[in-house]
1. Output the 0 to 90 degree angle, nearest 10, between the alpha-carbon long axis of helix 137-147 and the longest principal axis computed from the alpha carbons of the chain.
2. Tell me which of Tyr257, Val10, Ile63 sits at the most positive position along the dipole axis of the chain, charges placed on C-beta atoms (Lys, Arg +1; Asp, Glu -1).
3. In the chain, if every C-alpha pair distance is counted and binned at 5 Å from zero, what percent goes to each bin?
4. Can you give me the C-alpha center-to-center distance between the range 68-86 and the range 182-250, rounded to a whole angstrom?
5. Relative contact order for the chain: what is it in percent, counting Cα pairs under 8 Å that are at least 6 residues apart?
6. What number does the range 1-59 give for Rg over Rh if you use C-alpha atoms and the Kirkwood radius?
7. Run a plain Debye calculation on the range 93-247 (Cα atoms as equal point scatterers, no solvent) and give log10 I(q)/I(0) at q = 0.11, 0.18 Å⁻¹, rounded to two decimals, same order as the q list.
8. If Lys and Arg each add +1 and Asp and Glu each add -1, what is the summed charge of the other residues whose beta carbon sits under 9 Å from the beta carbon of Thr97?
Amino acid sequence: GTAESFGNQVKHEIIGIDPGAGIMKATAAAIDQYGLTDWKLIEGSGAAMTAMLDKAVKAEKPIIITGWTPHWMFSKYDLKYLEDPKKVFGEAEEIHTVARKGLKEDHPVAYEFLDRFEWSSDEMGEIMTAIQEGKDPADAAKEWADSHGDRVDTWTKDLKPVSGDKLKLSYVAWDSEIASTNLLEYVLESKLGYDVTALQVEAGPMWTGVASGDVDASPAAWLPLTHADYWTEYGDKLEDLGPNMTGVKTGLVVPAYVDVNSIEDLK
Ligand code: PBE
């Protein structure tokens, strides 16, 4: 049938990203729960995955990837999520900001800003698209912040800038998190007077850094499902500042021209 030939065409390979990403665990669970015994999940990186997607779409070839929203790939290409009737990829996912314990006492201004910070996937999409089109991430974040002063004001209103206090953020090189972290870094530095280091790390170290107190905060905690394992292990060793974005999503994604609509069809 259609799905069988699709599987053969893509060699039963799902193009994944970095092994620490929650979406990799969810995909392994999907392979298990939908009985996709022929299928393999290929490890790589967000950048390698989008490069392969770009190549496939340009050639109108079949491909299946681990995808998420917000991501610029959905505005650049005509893509669809495969239906997930077993809800292996969860529902009502959110991105939370997490902070180390004691941040509120040590850096109350940064804490208050990070606690207030929330935005929409469309807003993040504007920064992501600018970066994807070749802009340096720091410049893209600066231009967005400078042209959305009203939004920045709602997060920084009445906060008194500090003078050069050091602050450490951590994030993973996922396109969504590159956008959010660069925005936080710019606002913390240009509006609130901090000297920020943004450490690019793997997903595990991102969580352990905040839990151990080596890192002050991260805007990249996908909950409740995507980072559930990390949350179980580190949730009580850090502070959850709540969602900075709601309505986000992860799943298996194919180009719209692929004739498969549900994960169940991959069997
Ligand atoms: N992602 C993007 C991450 C969270 C942010 C969906 C690739 C993950 O799977 O852990």
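1. 60
2. About the Cα centre, the residue reaching furthest to the positive side is Val10.
3. With a bin width of 5 Å, the distribution comes to 1, 6, 13, 17, 18, 15, 12, 8, 5, 3, 2, 0, 0, 0.
4. What the calculation gives is 24 Å, centre to centre.
5. Dividing the mean separation by the residue count of the chain yields 35 percent.
6. On the way: Rg = 12.2 Å, Rh = 12.3 Å.
A ratio of 0.99.
7. At q = 0.11, 0.18 Å⁻¹ the computed log10 ratios are -0.37, -1.07.
8. Numbers: positive: none; negative: Asp115, Glu118, Asp240.
Overall, the nearby charge balance is -3.
Each reported figure results from applying straightforward, stated rules to the coordinates on display, with no laboratory input. Note that the structure is predicted; figures quoted are calculated from it, not measured. Glycine also receives a Cβ, built like all others from the backbone with ideal geometry; neighbour counts cover every protein chain displayed.
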